[in-house]
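Trainee: Here's a structure for you.
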Amino acid sequence: MTGLLLTFWTVMTIAETPTPAISLVIDDLGYVLGPGLRVAALPGPVACSILPHTPYAAPLAEAAHRAGKEVMLHLPMESQDGMSLGPGGLLHTMSQTELSRILDADLALIPHVRGVNNHMGSLLTRQPVAMAWVMAEIKHHNHLFFIDSRTTPATVALDAAQKAGLSATRRDLFLDNTAQPAAVRTQFARLVALARVQGTALGIAHPRPATLQVLEEMLPRLSALGVRLTPVSAIVARRAAEPALLQAHNPYGPLPGVEGILNIKK
């Protein structure tokens with residue numbers, strides 16, 4: 001009887017354990033049409049984050065929406081090194097009224113927008129007051145979520161979003177800081193391994209040739225790896241329901257199974 005109960009408990013535990021899930025945001029979209037359309041054609045619910053005031057912002061948002069992708073605003077925020085933001089950027093010297101006006105104008109340029117993540121922002125996301133203003137304005141737009149791109153370890157953006165009552169989370173890994181296929185493939189394997197360790201993992205990447213090559217190769221293999229690709233909004237909701245999923249794991253430290261993921265066959 002004890003053995004039967006133990007077997008039943010084990011089966012039930014396995015059945016109730018959610019499948020490890022990854023989400024992907026491809027941002028910096030809007031300046032070039034071809035790579036953006038290639039992102040929209042990727043298999044599965046890859047989120048498309050589009051810069052405002054770019055020549056192909058609206059067409060790419062429409063294409064992503066038709067393809068079943070979540071559309072996001074890639075919101076330009078001031079960086080520590082003073083890099084040019086282009087139009088629609090937010091600065092730490094702006095008043096609450098200015099920040100709200102520019103943010104509203106940026107959102108109006110992106111059809112079907114579901115969420116927001118920061119473009120750059122290593123200076124602005126350190127500012128608690130400015131972040132509180134920005135998150136309060138995003139909250140005024142119903143049903144938007146926020147992803148902290150974590151362009152600085154000193155960011156307070158996620159904390160401000162949560163205090164404002166926004167659905168929000170943060171990215172775990174950048175996939176293509178090194179834009180070579182082997183490096184991107186390794187980062188993708190680390191993303192999968194991290195999801196196996198902590199239950200979920202969120203990666204950000206860009207529409208670079210090496211990145212798109214690796215994603216087209218690896219995304220169809222996820223089921224063989226025991227991991228599923230999930231919309232970003234679903235990861236946000238799952239982490240809100242299970243706060244332990246936001247524990248501070250080191251995505252760049254040792255992770256089990258990376259070599260096996262890299263060696264998986266089609």
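Trainee: Restricting attention to segment 96-127, which residues are outside any loop (DSSP other than H, G, I, E, B), buried (at least 18 other Cβ atoms within 10 Å of the Cβ) and aliphatic (A, V, I, L, M)?
Mentor: Listed by number, the residues that qualify are Leu99, Ile102, Leu103, Leu107, Val113, Val116, Met120, Leu124.
Trainee: On to the next question. Can you name every residue in segment 219-251 that is within 18 Å of Phe174 (Cα to Cα) and without any contact (Cβ under 8 Å) to a residue 24 or more places away in the chain?
Mentor: Listed by number, the residues that qualify are Ala248, Asn250.
Trainee: For segment 227-266, what are the residues that are in a loop (DSSP other than H, G, I, E, B) and surrounded by 12 or more Cβ atoms within 10 Å (Cβ to Cβ)? Please lay out each step first, then the result.
Mentor: Within segment 227-266, the first condition is being in a loop (DSSP other than H, G, I, E, B), and the residues that meet it are 227, 230-231, 242, 247-257, 263-266.
Within segment 227-266, Val227, Thr230, Pro231, Glu242, His249, Pro251, Leu255, Gly257, Ile264 meet the criteria.
Trainee: Determine which single condition His74 fails, assuming it passes every other condition in (1) in contact (Cβ under 8 Å) with a residue 40 or more places away in the chain; (2) open to solvent by less than 80 Å² (accessible area, probe 1.4 Å); (3) part of a loop (DSSP other than H, G, I, E, B).
Mentor: The number of the failed condition is (3).
Trainee: Now a separate question. Could you identify the single residue in Ala168, Ala161, Ala130, Ala157 that is among the small types (Gly, Ala, Ser), surrounded by 18 or more Cβ atoms within 10 Å (Cβ to Cβ) and farther than 22 Å from Gly203 by Cα? Outline the logic, then answer.
Mentor: Details: Ala168 fails: farther than 22 Å from Gly203 by Cα; Ala161 fails: farther than 22 Å from Gly203 by Cα; Ala157 fails: farther than 22 Å from Gly203 by Cα.
Criteria check complete, one pass: Ala130.
Trainee: State whether one or more residues within segment 185-201 are of a type in the set (Val, Ile, Thr), touching a residue at least 60 places away in the same chain (Cβ under 8 Å) and open to solvent by 10 Å² or more (accessible area, probe 1.4 Å). Give the steps one after another, and end with the answer.
Mentor: To start, the set of residues in segment 185-201 that are of a type in the set (Val, Ile, Thr) comprises 186, 192, 197, 200.
Those left that are additionally touching a residue at least 60 places away in the same chain (Cβ under 8 Å): 186, 192, 200.
Subset that is open to solvent by 10 Å² or more (accessible area, probe 1.4 Å): 186.
Yes, the conditions are met somewhere in segment 185-201.
Trainee: What's the number of the condition Ala154 fails, among (1) assigned to a helix (DSSP H, G or I); (2) out of contact with any Gly (no Cβ under 8 Å at 6 or more places or on another chain)?
Mentor: Every listed condition holds for Ala154 apart from (1).
The values are calculated or read from the model by the stated rules, or taken from the named source; none is laboratory data. Just so we're clear, the structure is a prediction, and the values are computed from it rather than from any experiment. All Cβ positions, glycine included, derive from the backbone under ideal geometry; neighbour counts span all protein chains shown. Heads up: the accessible areas ignore ligands, DNA and RNA and are worked out on the full protein's heavy atoms, side chains in. Shrake-Rupley method; radii C 1.70, N 1.55, O 1.52, S 1.80 Å.
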